[in-house]
Amino acid sequence: MRDFRMLFTAILAMVLIAACTNVDSDVTSQLEEQADRLDELSEQLDELFASLEEMESSETEEAHDAAQTSAFEVGVAQYVMDTAGFHAIDDALSETGEIDPATVSAVTRVTRMVASTQWPDELSEDAGRFSEVLMDFEAALSEDDADMATPLAGMAHDHQHDLSAAITAWLSGEMSMEDEHEHEEDGMTDGESMEDEGHEHDSEEDMAAAHDIPEEAAAMLNPIPADEDSRATGAEIFAINCATCHGETGEGDGPTASSLDKPPADLHAEHVQGVSDGGLFHIITHGRPDTQMPAWETALTEEQRWHVVNFLRTFQ
């Protein structure tokens, strides 16, 4: 851009000199007019460069956001396939030769996730091979063909292992770049971020206000008893939908945590546990607009969300 500015200015100067060379009278007046014109063109040029710089900045931010979205999506896919239990599925089919309905459900879920994920170029080949095996495996399971499904289970397990290793390596590179960019953009240290995230409040009302939770939502009572069955149900839902960001133990250290603009909340922290059941239900339902936590209103039933609330209380 700087070279272009210099070139443009040089061209203007040449035009001015040429114009001045050809004049045969009123040279001073001509020079003044040319100088005024040159000033006008220089101002226009500055405006043009400012616009170009703004466009470049916008494009850089969009590319950064796209990279974050891609890393998050890939991390979610990795978590889903790594927790599907392909090793156990392979062993069970080899030993019993029988197809468990739970296996069909798990393989179908992973097949859809792998097929719908927008894989980066570095992972597309491994993901494509895994997807092909998964589709054959799913078809064999759906037809209750154990003889065909058994060798495919071993192949699926191998491809899952290879793709997961490739994802880990790719995410490590992405995370390093993301961390560097984040520190450059924000100028904030990890300590400052955690201090802000872990700020303590004196009451549930203060907690609700800090999380932008409406008073009526914060006052809602949990209609489901926090018994062992409810917590177990909530744990299953959490493992499938929430642990990829918040981590299996709720400490905000899930496999995709590092790819997010803001770190996922540590669910053990006072600023989380101090929120009422109704407040937590509201956050789960509507998500957090200032973070990448999505709304679960359509993905989870109301009852499922209350089960998750009961499970979250085990982190106290």
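Readers should treat all values here as calculations from the given coordinates under stated rules, not as data from a laboratory. Only a predicted model underlies this, so the values are computations on that prediction, with no experimental measurement involved. Note: ideal-geometry Cβ built from the backbone for every residue, glycine included; neighbour counts use all protein chains shown.
A few points about this structure:
- Comparing 274, 255, 296 along the charge dipole axis of region 242-296, the residue lying farthest to the positive side is 296, per the Cβ-charge model.
- Taking other C-beta atoms within 10 Å as the exposure proxy, 74, 133 rank 133, 74 from fewest upward.
- Counted residue by residue at 0.36 nm each, then reduced by the alpha carbon distance between them, the extension gain from residue 299 to residue 219 reaches 26.4 nm.
- FRET efficiency estimate (nearest 0.05) - Cβ-Cβ, residue 91 to residue 292, R0 41 angstrom: 0.70
- Residues listed by number, region 76-110, amide nitrogen under 20 Å from residue 132 label point at 7 Å toward C-beta: 108, 110
- Stretchable slack from residue 33 to residue 139, in nm (0.36 nm times residue separation minus alpha-carbon distance): 30.1 nm
- Projecting the Cα atoms of 75, 94, 156 onto the charge dipole of region 65-178, computed from C-beta unit charges around the Cα centre, puts 75 farthest toward the positive end.
- 11 Å beta-carbon shell around residue 107, net charge (K/R +1, D/E -1): -1
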